[in-house]
Amino acid sequence: MTWKLDMAHSAIEFSVRHMMVSTVKGNFREFSADLELDPEDLTKSSVRAVVEVASVDTRDPQRNAHLTSADFFEAERFPEMVFQSTGVEHLGGDRYRVTGDLTIKDVTRPITLEVTHLGTQLSPYGIKAAGFEATTTLSRKDFGLTWNVALESGGMLVGDQVKISVDAEANLVAEAAVA
């Protein structure tokens, strides 16, 4: 069954260490996902997500501009990040492991998302909705995002490990078209 992301109830957020003493958080405002979900057996499901990198928002316009520059995402040349799942493993209960390929810039690498299925429910409008939370941590250097500045006291300005958090609500397409 084909499901579409409900943008009003979904978010992609990230966090990364700054100067080794704090954490900067941000999100992407523009993204989409197509999901093929089998509610009876989620291991038979798949997802393709596309994130518009120019929509990055860290609540600092200057930092946002730097992130979309050639130092990081090169948004003009590589406007999208793409995740394509390759497998879903049931870990027990409502927990799953979703593997797939993430492409940032011109680098594609496998990643693993730890996913919790929050449930499937019929909305007051008669639309079947499913909810998920997903997390992963990745090395930004693995994707060619290597810009950094050494600190005089030791360490680097921007941490390498980036924590990703996804909250997703998807609607069954046939039913979503009716509303």
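Spacing of the modelled spin labels on S153 and E89, each 7 Å from Cα toward Cβ, amounts to 4.1 nm. Counting Lys and Arg as +1 and Asp and Glu as -1 over every other residue whose Cβ lies under 15 Å from the Cβ of E133, the net charge comes to -3. Counted by Cβ distance under 10 Å from F28, the other residues give a net charge of -3, where Lys and Arg count +1 and Asp and Glu count -1.
About its Cα centre, how strong a charge dipole does the range 62-132 have in debye, to the nearest 20, once Lys and Arg get +1 and Asp and Glu get -1 at the Cβ? If you can, show how the numbers build up before the last one.
Details: 7 positive and 9 negative charges, 42 e Å.
In debye, rounded to 20, the range 62-132 gives about 200.
Look at I12, I164 and count the other Cβ atoms within 10 Å of each Cβ; fewest to most, that gives I164, I12.
Electrostatic bookkeeping for D160 treats Lys and Arg as +1 and Asp and Glu as -1; over the other residues with beta carbon under 11 Å from its beta carbon, the sum is +2. Each of the peptides 16-23, 148-155 was scored by the mean count of other Cβ atoms within 10 Å over its residues; in descending order, highest first, they stand as 16-23, 148-155. Counting only Cβ charges, +1 for Lys and Arg and -1 for Asp and Glu, the dipole size of the chain around its Cα centre is about 380 debye.
FYI, it's all coordinate maths here, none of it is from the lab. Model, not experiment: these values are computed from the prediction. Here the Cβ is made from the backbone with ideal geometry for all residues, glycine too, and neighbour counts use every protein chain on show.
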